[in-house]
Structure formats: C-alpha cells, structure tokens
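S.K.: Mind looking over this structure? Questions follow.
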Amino acid sequence: MLIRVFTLSFEPVTGRFNDDPVRDFIADKEVATISDHFFVKDEAPYLVLVVRYRLAGPVAAPPVAAPAGARQRDESWRTTLDAADWPLFNTLRDWRGEQARSAGIPSYVICNNRELAAVISKRPTTLAELGQIDGFGDAKLKKYAICDVLEPVFERRAIFDSYACRKGKGTHAAIARAQQFARRYRFFAKCDVRRFFASVDHAALRTLLRRLFKDAALLALLDRIIEQAPPDAAPGRGLPIGNLTSQHFANLYLGELDHHLKERQRVPGYLRYMDDMLLFADDKASLQRWLAELRGFLAERLGLVLKEEVTLVAPVTEGIPFLGFRVYPGLIRLNQRTRRRFLRQVQNLEQAHGVGRLATQDLCQRAASLFAHVAQADSYRLRRRVTRASIVDG
C-alpha cells in the first residue's frame, strides 16, 4: 500500500478546496482510503488529504484509447450493481453531495463511488456493520452520521437570518438578504469574531449541548469530538476548521448571540453568516449601542472578541463589504479579490483542459459553478469579456 499527501487551499469563489491535483493523481490509481485533516495558517483554512492507494496492475492487452482530454477512471464498481440498485445509489450520491457542499470539501473525502456501491451490496443495518465496510470507520461515522442527529435539533433553534451550513440558505441567500436590508435602512454595521473557530470555549459549548440532549452516550461522543481541537488553539478551546460537526457547533454557539440581539435587544435588521455579522438601522447611534451590547455578550457569555480593526459603521450607499461582494441598495459588485480569483480560476481551468488534464464535461461543470457565483453580482460585462476571449462559455 502506497501513501500520498496533498495540502489543498480553500477557494472562496467556488466555495470549495481546489482538489484538481488529487483528481488527476487518483484517476489511474486503485484508491483504498482518503482521510482528511484540517488546519489553519494565517487565518486561512487548508485541507490535508492522505491518499492510500495501489498502483493499477498490468493488463493483458493495450487499453482502448480514450477521447482527447478524458481521464481514465476505475469504473469496475459498476459491475457490482444491478438495475434495481441504481435508484438507491443515486440517492446516496445526492446525500454525499449535500454533505460535501455543506462542509466545503470534495465529495470523495466522504466516500467514493466504490464505497457507495459496497454499501448497497452489503446492505448494513447497523453503524457497526457499516464501519466494517472498507473505507468507512469510526472517525468517519462520528463525523457524518452524528450530523443527522444534530442538524434537525440545531435547525429548530436557529433564527431565520442565520445563513451558514443550513439547507436552503448559503452565501447567495445571505447576500440577497443583505441587499434587502440595505434598501430598508440607511446605515449598517459589519463585524466578525477574531479567530472564531480557535476561540470557542469547550465548557460553554458542552453546557449548550446538555440543554438540548440528555442521552449520556451521545453527549460522551460529542465531548470526544469537541476535544479534537486545532493545534493553534489554547487549552480548553477551539474547533477544527472545515469539520462538518464544527460548523454545526459554531452555529449553535453563536446562536446564543443571535437570540440575544433579536429577542432582547430587538435589532430588526440583523443577519449572520458563520462569524460574519451585519446590523442595520436608520441612525448610527443605534448601531453603536447594539455593537456595545454585542461586544459585552461575546466577552461575558462566549469568551470571544471582535476584530476591531475591521469593524465598520457606514451608510449603506457606500456599499457593504460582505462575503467577497460589495452590496449596495441598487446593485451588487464583486470586490477586487473575488474578481482576480475568478479570472485566475477560469485561466487555470483552460490550461488544465488544454493539456488534457481536464475533460470537456468537467470543464463545463466547473466553469458553470464559477460563473454562477459571480453572476450574483452585476458582472455581465466581466463575464462577456471573459467568454469572448475564452473557450469557456458562461
């Protein structure tokens, strides 16, 4: 068994880690497992993938040439499925896609097609039986199966205007809501928490969980997950970036602030995307008063502090910097960093397609994702300029 390690950077434009090198590498390999580890450097998240694989064995005859630009994949798992198995396979694949999009990770980190096919063939009826299937294990079961228990409970506690890691929400819905508030109010306040994931207090989080769950075995499992803090966190603090359970924990943790601002302080215009928060009012005095309340609640109840150097109070007509966009009452623009990243991503896709590392179908799918993201802004001229000088049709 051979091992290869990849370190992937997060691309905010696509909302995922750039896994092209991994896809290219495993295209002609027999992959046994892919394990994932997250870390943060200079407040930027990274994903480390450890690939355990075998080299493809010799074949009796030369393979049939693939179309230009296509990659060879191991499709032998298809022979293990009958026609009646495919509806279930598609359902499991859709579930895998939802989990991957929520966590911002490649879908094969959760499980690959061969592992899904094995689940269908063996039909496990307990978590213990599922854990015996190659590619599944205790760590993976804890990470993903537990979310099916946590998510509906946490969802019932969430306010309407919390947009991260929730079905039917997301960045685009958050941006649209911010523009709605910008049309309704004259001023906004923007703030976010300093080193949020590394600063979550374990004791406070455990207290919140014990208000919601009473099962001792479940709480013991959650405690073990919480203890897996990132290496740069202080003792008794921190959640690993990118872990799906961490994102649910984070929403629960800051949900206390949501309810304080909405129900006790009666802030009418408020929304949050993870630790990025926007408040709206018709006068700056109200915003300053609410910011003071917010700071006090974070410090006293949650052990958190704001990034004061980026906290902003301004008229909505100046534009609201939010999630890579600048939101105005009448339009939405890309910020310069998002614009440059979009152009670089398109160029990288074309280069990969030009040398045969990316099939045309994959090129179209990934380009569609890039263009759909920037289309949330008033970016028609940019998209037309790119497509006129590009093989990518947006």
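S.K.: Just to confirm my filter: which helices (runs of 4 or more DSSP H) fall fully inside the stretch 317-394 and include at least 1 residues that are in contact (Cβ under 8 Å) with a residue 12 or more places away in the chain and exposed (fewer than 15 other Cβ atoms within 10 Å of the Cβ)?
M.R.: Ranges flagged: 336-354, 360-374.
S.K.: A further question on this structure: Restricted to the stretch 193-217, and to residues that are in contact (Cβ under 8 Å) with a residue 24 or more places away in the chain and either polar (S, T, N, Q) or outside any helix (DSSP H, G or I) (or both), which residue is surrounded by the most Cβ atoms within 10 Å (Cβ to Cβ)? I'd like the intermediate steps shown before the answer.
M.R.: Of all residues in the stretch 193-217, those in contact (Cβ under 8 Å) with a residue 24 or more places away in the chain come to 193-205, 208-209, 212-213.
Filter once more, keeping what is either polar (S, T, N, Q) or outside any helix (DSSP H, G or I) (or both): 193-195, 199-201, 213.
Working: Val193: 21, Arg194: 16, Arg195: 18, Ser199: 20, Val200: 25, Asp201: 17, Phe213: 14.
Among those residues, the one meeting the criterion is Val200.
S.K.: Mind listing just one residue for me: the one in the stretch 147-197 that is of a type in the set (Val, Ile, Thr) and within 15 Å of Ala250 (Cα to Cα) and, of those, modelled with the lowest pLDDT?
M.R.: For the stretch 147-197, the residue satisfying everything is Val153.
S.K.: Out of everything in the stretch 51-73 that is open to solvent by less than 80 Å² (accessible area, probe 1.4 Å) and either at pLDDT below 75 or assigned to a loop (DSSP other than H, G, I, E, B) (or both), what residue ends up being nearest to Ala32 (Cα to Cα)?
M.R.: Among those that are open to solvent by less than 80 Å² (accessible area, probe 1.4 Å) and either at pLDDT below 75 or assigned to a loop (DSSP other than H, G, I, E, B) (or both), it is Ala56.
S.K.: Continuing with this model, one more query. With respect to Phe188, is the statement that it is under 16 Å from Arg237 (Cβ atoms) and either buried (at least 20 other Cβ atoms within 10 Å of the Cβ) or charged (D, E, K, R) (or both) true?
M.R.: On the way: under 16 Å from Arg237 (Cβ atoms): no; either buried (at least 20 other Cβ atoms within 10 Å of the Cβ) or charged (D, E, K, R) (or both): yes.
No; evaluated as a whole, the condition is false for this residue.
S.K.: Failed condition for Lys190, given (1) in contact (Cβ under 8 Å) with a residue 24 or more places away in the chain; (2) basic (Lys, Arg); (3) in a helix (DSSP H, G or I), with all others met?
M.R.: Evaluating Lys190 over (1) in contact (Cβ under 8 Å) with a residue 24 or more places away in the chain; (2) basic (Lys, Arg); (3) in a helix (DSSP H, G or I) leaves (3) as the failure.
S.K.: Restricting the stretch 255-302 to residues that are open to solvent by 10 Å² or more (accessible area, probe 1.4 Å) and hydroxyl-bearing (Ser, Thr, Tyr), which is nearest to Phe325 (Cα to Cα)?
M.R.: So, considering only residues that are open to solvent by 10 Å² or more (accessible area, probe 1.4 Å) and hydroxyl-bearing (Ser, Thr, Tyr), the one nearest to Phe325 (Cα to Cα) is Tyr273.
S.K.: I've got another one for you. Would you point out which residue out of Arg339, Arg385, Arg366 is out of contact with any helix residue (DSSP H, G or I) (no Cβ under 8 Å at 6 or more places or on another chain) and not aliphatic (A, V, I, L, M)? Can you show your working first?
M.R.: Values: Arg339 fails: out of contact with any helix residue (DSSP H, G or I) (no Cβ under 8 Å at 6 or more places or on another chain); Arg366 fails: out of contact with any helix residue (DSSP H, G or I) (no Cβ under 8 Å at 6 or more places or on another chain).
It is Arg385.
S.K.: Are any residues in the stretch 18-48 under 22 Å from Phe196 (Cα atoms), open to solvent by less than 30 Å² (accessible area, probe 1.4 Å) and either at pLDDT below 70 or touching a Lys or Arg at 6+ places or on another chain (Cβ under 7 Å) (or both), and if so, which ones?
M.R.: Of the residues in the stretch 18-48, the ones under 22 Å from Phe196 (Cα atoms) are 36-48.
In the following step, the residues that additionally are open to solvent by less than 30 Å² (accessible area, probe 1.4 Å) were identified as 36, 47-48.
Within the stretch 18-48, Asp36 is the sole residue that qualifies.
S.K.: Also, quick follow-up: Being more than 30 Å from Leu331 (Cβ to Cβ), touching a strand residue (DSSP E or B) at 6+ places or on another chain (Cβ under 7 Å) and of a type in the set (Gly, Ala, Ser) is true for just one of Ser162, Ser199, Ser246. Which residue is that? Break it down into steps so the answer makes sense when it comes.
M.R.: Numbers: Ser162 fails: more than 30 Å from Leu331 (Cβ to Cβ); Ser246 fails: touching a strand residue (DSSP E or B) at 6+ places or on another chain (Cβ under 7 Å).
Sole residue among the options that is more than 30 Å from Leu331 (Cβ to Cβ), touching a strand residue (DSSP E or B) at 6+ places or on another chain (Cβ under 7 Å) and of a type in the set (Gly, Ala, Ser): Ser199.
The values are calculated or read from the model by the stated rules, or taken from the named source; none is laboratory data. What you are looking at is a predicted structure, and each value in this text was computed from that prediction instead of being measured. Here Cβ is always computed from backbone atoms with ideal geometry, including for glycine, and neighbour counts include all displayed protein chains. Surface accessibility is based on the protein's heavy atoms, side chains included, excluding ligands, DNA and RNA. Shrake-Rupley method; radii C 1.70, N 1.55, O 1.52, S 1.80 Å.
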